[in-house]
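*Asks:* Please see the structure below; I have some questions.
The values are calculated or read from the model by the stated rules, or taken from the named source; none is laboratory data. Quick caveat, the model's predicted, so the values are computed rather than measured. Ideal geometry is used to build each Cβ from the backbone, glycine not excepted, and the neighbour counts take in all protein chains shown. Accessible surface is based on the protein model in full, side chains and every heavy atom, while ligands, DNA and RNA are left aside. Shrake-Rupley method; radii C 1.70, N 1.55, O 1.52, S 1.80 Å.
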Amino acid sequence: CKKMLQQTDGDIEAAIEEMRKSGQAKAAKKAGRIAAEGLIVISVSDDGKAAAMAEVNCETDFVAKDEGFSSFAAAVADRALNSDVDDVESLIQLPLHDGDDTTIEQTREALVAKIGENMSVRRFVRMRSSGGVYSYRHGVRIGVLVDMEGGDEELGRDIAMHIAASNPLCVAESDVPADVLEKEREIYRDEARQSGKPENILDKIIEGKVRKYLEGVTLLGQAFVKDPDTTVAKLLEKSGARVIAFRRFEVGEGIEKKQEDFAAEVMAQVKGS
C-alpha cells in the first residue's frame with residue numbers, strides 16, 4: 001500500500017486502481033475504516049409518506065449509549081422531519097423542541113459540557129413520497145429510508161433491510177455514474193491483458209465482468225438477502241412495486257478517527273516528568 005501511494009503521490013483512489021490492475025487488491029471499492037461513534041436515528045410521519053434520518057456523532061461507544069445523547073439524537077431527527085431546511089448549519093439553528101427557544105446547537109453545547117465529550121450533528125436526509133417511505137434500522141449504526149410505490153409495509157421493510165445488508169450503490173443500472181463504469185472497464189481491461197488472454201476475446205471478458213459488477217452494485221440486480229434464488233427486481237415486479245430512491249447511512253463512514261497509542265502517551269509523560 002505504501003509503495004503504491006508513493007507511486008501515485010498520495011492519491012488513494014489512484015493507488016487502489018493500480019493495485020487492482022496489478023492483481024494486488026481485489027476489492028471493488030475502497031474499504032475505509034469506520035471509526036467514529038454515534039447513532040443513526042429515524043423519524044417517520046404519521047401517514048408514512050415522509051421520514052427523516054440523521055447521524056449524530058460522539059467520541060466513544062459509551063456515550064452513544066447514554067440516554068441523554070440518544071434523546072438528543074432522536075429529537076434532532078424529529079426536527080429534521082418537521083422542517084424545510086436543507087443543510088446541517090441551518091438545522092442546528094432551529095429550536096430542538098416546539099415551544100422552546102433553545103436551539104439544537106445550544107442543546108448540543110450544554111450536553112457536551114455535561115457529558116464531557118465532543119459531539120456533532122453530522123448529516124441528515126429528508127424523504128417524502130406519494131407512495132410510501134419505509135425504513136429500517138440495524139441496531140443503532142445503520143439506517144435506511146426507501147421511497148417505494150406499490151407493495152405494502154412488509155415489502156418496504158424487507159427492501160430497506162436488504163439495502164442495510166447489501167449496501168447497493170444505486171437503484172438501477174442506468175443510475176450508475178458513467179465515470180464509475182468506465183473506471184471499472186479500464187481495470188477489467190488491464191486485468192484481462194495481463195492474464196494473457198487473446199485480444200479477440202477481451203471485449204467479451206470485459207463485458208461479462210461489467211455485467212457481474214452491475215448485478216452486484218445495483219439494488220435491482222442484487223439477489224434478495226432473504227431469498228437468494230430471486231433478485232430484488234423480480235421481487236418488486238411480483239408485488240407490482242417500484243423503488244424510486246433510497247438512502248443508507250452508516251455511523252462514521254468516511255470519517256478518519258485518530259488512533260491513540262496510550263502506551264506511548266504514558267511513556268512520553270513519564271519521560272517528561
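*Asks:* The list [x] 37, 31, 14; [y] 41, 21, 15; [z] 42, 30, 17 gives values of semi-axes √(5λ) of the Cα gyration tensor in Å, and only one came from this structure; which label was calculated from it?
*Replies:* [x]
*Asks:* Spin-label point model (7 Å from Cα, Cβ direction): what's the residue 212 to residue 71 distance in nm?
*Replies:* The modelled label-to-label distance comes out at 5.3 nm.
*Asks:* Also, quick follow-up: Work out the charge dipole of the chain with +1 on the Cβ of Lys and Arg and -1 on the Cβ of Asp and Glu about the Cα centre, then indicate which of 171, 1, 249 is farthest towards its positive end.
*Replies:* Towards the positive end, the residue furthest out is 1.
*Asks:* How much accessible area does residue 97 have with a 1.4 Å probe, in Å² rounded to the nearest 10?
*Replies:* Solvent-accessible area, nearest 10 Å²: 100 Å².
*Asks:* Please report, in whole Å³, the volume per residue of the convex hull around the C-alpha atoms of region 47-202. Please list the in-between numbers first.
*Replies:* Values: hull volume 29.0 nm³, N = 156.
In region 47-202, the Cα hull volume divided by residue count equals 186 Å³.
*Asks:* Set the Förster distance to 45 Å, then compute FRET efficiency between residue 169 and residue 94 from the Cβ-Cβ distance, nearest 0.05. The partial results should precede the final answer.
*Replies:* Working: r = 32 Å, r/R0 = 0.72.
For R0 = 45 Å, the calculated efficiency reads 0.90.
*Asks:* What distance in nm separates the two pseudo spin-label positions at residue 11 and residue 153, each 7 Å out from Cα along the beta-carbon direction?
*Replies:* With each label point 7 Å from Cα toward Cβ, the separation is 5.1 nm.
*Asks:* Another question about this same structure. In the structure shown, do any of 183/209; 183/204; 21/197; 21/209; 2/209; 204/238 have a Cα-Cα gap over 20 Å, and if so which? Let's see the in-between values first.
*Replies:* Numbers: 183/209 13 Å; 183/204 17 Å; 21/197 15 Å; 21/209 14 Å; 2/209 28 Å; 204/238 32 Å.
Going by Cα-Cα distance, 2/209; 204/238 fall outside the 20 Å limit.
*Asks:* Oh, and also: Just to make sure I understand: if all protein chains stay in place, what is the order of 119, 19 by accessible area at 1.4 Å, largest first?
*Replies:* On the way: 119 5, 19 25 Å².
So the residues, ranked largest to smallest area, are 19, 119.
*Asks:* Can you sort 248, 193, 137 by solvent-accessible area, 1.4 Å probe, largest first? Write out the running numbers ahead of the final one.
*Replies:* Numbers: 248 35, 193 125, 137 105 Å².
The most accessible residue leads, giving 193, 137, 248.
*Asks:* Provide the FRET efficiency to the nearest 0.05 for the residue 2-residue 253 pair, computing r from the beta carbons and using R0 = 25 Å.
*Replies:* Details: r = 24 Å, r/R0 = 0.96.
Once rounded, the FRET efficiency stands at 0.55.
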